[in-house]
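Worksheet: the structure to be examined is printed underneath.
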Amino acid sequence: MDFAQNLSNAIILGCTYLLMAAGLTMVYGVLKVLHIAHASVYTIGAFVGVLVYSWVGNFWLSLLIAMIFSGVFGILIYRFSYYYLLDVPRTVPLIASIGLFVMLTDLLQKPFLMGPYQRAFPAGGAGLPRIDTPWFSITSKQLLIFSVTIVLMVLVYLLLTRTRIGLGWQAASLDREMAAAVGINLNRIIALNFFIGSALAGAAGVLVGIYNNSVFATMGDLPSYKAFIIIVLGGMGSLPGAILASLLLAIVENFLVASIGYVLPRDSIAFLVLILMLMFRPHGLLGQE
Amino acid sequence: MPILEVERVSHWFGGLQALKDVSLYADREILGLIGPNGAGKTTLFNIISGFLTPTHGKVIYLGKPVQHLPPHQIVRLGIARTFQIVKPFANLTVEENVLAGIGMPYYAQFRGLVAPYRTTANVHTASHLLELTDLQNYRNAPANRLPIGIQRRVEIARALAIKPKLLLLDEPAAGLVAKETLELANLIKNLHQQGINIILIEHNMRFAMSLCQRIVVLAQGEIIAQGQPIEIQANEKVINAYLGQE
């Protein structure tokens, strides 16, 4: 019973990592930028979600608006920072990204935005049922996280593998110059990439906000590090790798905490895994050597 | 009216002048662009295809100036190019490489972007192009696993996918063995007969002389000669430029 329950909890946790890491992977794929400020988008998504929820009281509407807002915010981040840094060494946008992240977190802590408080996000499970089996239980919040993640990931998968824009992303991530030479408008393709990746981060923020019933300005700190670990584990820019790494990391975290207790703080496990991975398989699980 | 006119184009990279007042035209022909290393041939291609904006001068395509357009818009007007260093989309299959080039209008509008790319019509067009470039047998092979001669053909197939009126080939014969070079020459002649106008940069003199109807010679950023292959072969300036004599 414990095993099944731990596994189901781990999968739910993995879903929240996955939404965050998927967007980051997409951005990394096309721009080769480690987009730290992605975690700010996550926080902003949660903030917009909780605000809209307090006005309209409808979870689905607040999720939708939070995702659109986050997506547009992502485009703005691209247009006003990385856009100017396309042809410089990749460490430059990385540093810009760290600066952006720190700036946005500080800005969000201002009293006229989120302030230093935690806000409750009492959307519950948005009316979804609780599932009880003899082996494990899934709360309605968990079911919500799981189903929203699956739907969004299936949509992203279809977009990536079946459509023009997916082909365009693949082309642009392999060779931007050549992609332009077959008529792909790079700016538009990259902006859409940011829109979708950021919308996913916004969704992750909303879902985690609901799960913990708490939204606050620095909630992006930990996910920013973890999402990174996941894309390194998964193999920089490989989406299947990121999915696998999200689930594996969540499973390792859950089972280690469950079996050996809090010998290690839970969130340090991810870093331990990262260090081991870099020592023994530096190109990640599914990355190319 | 010629298809393409380059009018008094100069280009500087910082303090280095790569092109000096270059003017040329390309018509319904196979035009060769030859010259020693560093003559500015590829720079000129980059300017025509929109990857560089010339410091001075104009590029006129079908009567309209295009020197300020970005590459993806130039492509939509019907100017396709290949690169000196072959760059197929490495992880994609040969067919996907060609599919990426098919259907310019898709990339121009939002509805096109979310449209599926593997439609019956697109696959049909791709098959036709693969046949034309003799790549049918490599359809599902990842492009980066293929020998260079075949990768070059993938590049040409992908360039043809955009239905160009003008095709710029940057050293298409580089790295090819004799048999492949011969096949390439036949392919280029075939494309020309189908109404595609071609400008090619070439180092291989014999290849250029046998294929091109007219040749422009660049040396140190300037045009030093142009004319029929026979005239070029006899031109003293050209011989000096190649042999490094003054």
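The values are calculated or read from the model by the stated rules, or taken from the named source; none is laboratory data. Worth saying up front: this structure is predicted, and the values here are computed from it rather than measured. Heads up, the Cβs are rebuilt from the backbone with ideal geometry, glycines too, and the neighbour counts pull from every protein chain shown. Ligands, DNA and RNA are excluded from the accessible area calculation, which covers all protein heavy atoms including side chains. Shrake-Rupley method; radii C 1.70, N 1.55, O 1.52, S 1.80 Å.
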It is to be established whether one or more residues within segment B:222-229 are without any contact (Cβ under 8 Å) to a residue 40 or more places away in the chain, outside the structural domain of B:Leu130 (by TED's automatic domain parsing) and closer than 23 Å to B:Ile85 by Cα.
no
Of residues in segment B:1-32 being in a loop (DSSP other than H, G, I, E, B) and more than 16 Å from the chain's Cα centre (by Cα), the one nearest to B:Met205 (Cα to Cα):
B:Pro2
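Here's the yes/no breakdown for (1) in contact (Cβ under 8 Å) with a residue 24 or more places away in the chain; (2) out of contact with any strand residue (DSSP E or B) (no Cβ under 8 Å at 6 or more places or on another chain); (3) within 14 Å of chain B (Cβ to nearest Cβ):
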residue	(1), (2), (3)
A:Ala181	no, no, yes
A:Ile184	no, yes, yes
A:Ile189	yes, yes, yes
A:Leu192	yes, yes, yes
A:Met219	yes, yes, no
If you take just the helices (runs of 4 or more DSSP H) that sit entirely in segment A:142-239, which of them hold at least 3 residues that are more than 17 Å from the chain's Cα centre (by Cα)?
A:164-174, A:176-181, A:186-212
Have a look at A:Gln142, A:Gln118 and point out the one that is farther than 30 Å from A:Ala180 by Cβ and open to solvent by less than 30 Å² (accessible area, probe 1.4 Å).
A:Gln142
Mind listing whichever residues of segment B:222-246 are over 13 Å from B:Leu24 (Cβ atoms) and surrounded by 16 or more Cβ atoms within 10 Å (Cβ to Cβ)?
B:Pro229, B:Ile232, B:Asn235, B:Val238, B:Ala241
With the requirement that a residue be over 25 Å from B:Ala174 (Cβ atoms) and either in contact (Cβ under 8 Å) with a residue 60 or more places away in the chain or under 20 Å from the mean Cα position of the chain (by Cα) (or both), what does segment B:98-125 give you?
B:Leu99, B:Ile102, B:Gly103, B:Met104
Out of B:Ala161, B:Ala185, B:Ala208, which single residue is over 21 Å from B:Ala90 (Cα atoms), at pLDDT 90 or above, of a type in the set (Gly, Ala, Ser) and open to solvent by less than 30 Å² (accessible area, probe 1.4 Å)?
B:Ala185
Restricting segment B:61-119 to residues that are of a type in the set (Gly, Ala, Ser) and within 17 Å of B:Thr133 (Cα to Cα), the residue that is surrounded by the fewest Cβ atoms within 10 Å (Cβ to Cβ)
B:Ala80
